[in-house]
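Scroll down for the structure; my scribbles are underneath it.
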Amino acid sequence: MISESLSYPRNDENWLKTVLIGGVLSFLGFLIVPTFLVVGYLLRVVRATMKGDEQPPVFDDWGDMAVDGVKGFAIAFVYSVLPLIIMSVFVGSAIIGIFAGGGSDTAGIFGGIVTLVGLLVSLVLGLLAAYVVPAALANYAETDRLGSAFDIGALRPVLTSGKYATAWLTAFVVLFAVSVVLSLLNVIPLLGQLLSFVLGPFVGFYAAVAAYYIIGQTWGELHEVEMMDEGETPGEQPAV
């Protein structure tokens, strides 16, 4: 599946244009709106691939893509915010304990233990959130209902299936391998760091598309999503 996912972004004759646009948007992600557009595009990838379409979508209908991206971003944020809150609570409690103890060794040890426990709990919950988010995004992409991303009853059979676990791990490997390559470039002084800085957003976008191709394909297999009708545009919603 890895080879298919890596070739998927190139299944369109204008693939280079798509990657360039996605890379520029990723590079400008700190402006927030470009991030919404990238998330919206990835949702189009999931929506198309779960229907068996092997041709990657294009960047068009920017307004709809941005709105879709805002919803996708909100889904990921909601699932990610709990680990951050728990970590903040543990760290805050540790700081309060240290000050309440007057900076004693006992208070310092207690604060360190509380902080360590908080970090471990946050790490576990963070990994769990990272595991759930792609499935939540896929369920939203299929139904076009924001609430479906939090429908635990619908998500549970997917999340507990070996097929999804394998797909998630494969997608993670794709993203991790790219991050390792970019990190290795940073070892080379100046030139390597410059290449990593310039190429990073484009390579990262390409890898994200490949990763969400895996998620979309797997979701379609698990949910038996209807194949895309001839002439239907990727990401196009059926008339109600």
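With r defined as the distance between the Cβ atoms of residue 159 and residue 123 and R0 fixed at 22 Å, what FRET efficiency is calculated, to the nearest 0.05?
Plugging the Cβ-Cβ distance into 1/(1 + (r/R0)^6) gives 0.70.
Considering only protein heavy atoms, what per residue accessible area in square angstrom results for the chain with a 1.4 angstrom probe?
For the chain, the solvent-accessible area averages 54 Å² per residue.
If you wrap a convex hull around the Cα atoms of the chain, how much volume per residue is inside, in Å³?
Spelled out: Cα convex hull of the chain, divided by residues, is 163 Å³.
With the full set of protein chains in place, find how many percent of the accessible area of the chain is carbon and sulfur; take the probe as 1.4 Å.
Carbon with sulfur: 72 percent of the solvent-accessible area.
Along Cα→Cβ, 7 Å out, is where each label goes; now give me the distance between the ones at residue 33 and residue 221 in nm to one decimal.
4.0
Could you list the residues of the range 112-130 with an amide nitrogen less than 12 Å from a label point located 7 Å from the Cα of residue 172 in the Cα-to-C-beta direction?
124-130
Quote the charge dipole size of the chain about the Cα centre in Debye, to the nearest 20; the model charges only the Cβ of Lys and Arg (+1) and of Asp and Glu (-1).
Magnitude of the dipole: close to 960 debye.
What length, rounded to one decimal in nm, is gained on full extension from residue 190 through to residue 54, with 0.36 nm per residue of separation minus their alpha-carbon distance?
Taking residue 190 through residue 54 to full extension adds about 45.1 nm, to one decimal.
Pick out the long, greasy-scoring helices in the chain: whole DSSP H runs spanning 30 Å or more along their own axis by Cα, mean Kyte-Doolittle at least 0.5.
62-100, 105-143, 162-185, 191-223
In what sequence, largest accessible area first, do 31, 159, 175 appear using a 1.4 Å probe?
31, 175, 159
The values are calculated or read from the model by the stated rules, or taken from the named source; none is laboratory data. These numbers come from a predicted model, not from an experiment. Counting neighbours? That spans all protein chains shown, and the Cβs are built from the backbone with ideal geometry, glycine included. Surface areas here come from the heavy atoms of the whole protein model, side chains and all, with no ligands, DNA or RNA. Shrake-Rupley method; radii C 1.70, N 1.55, O 1.52, S 1.80 Å.
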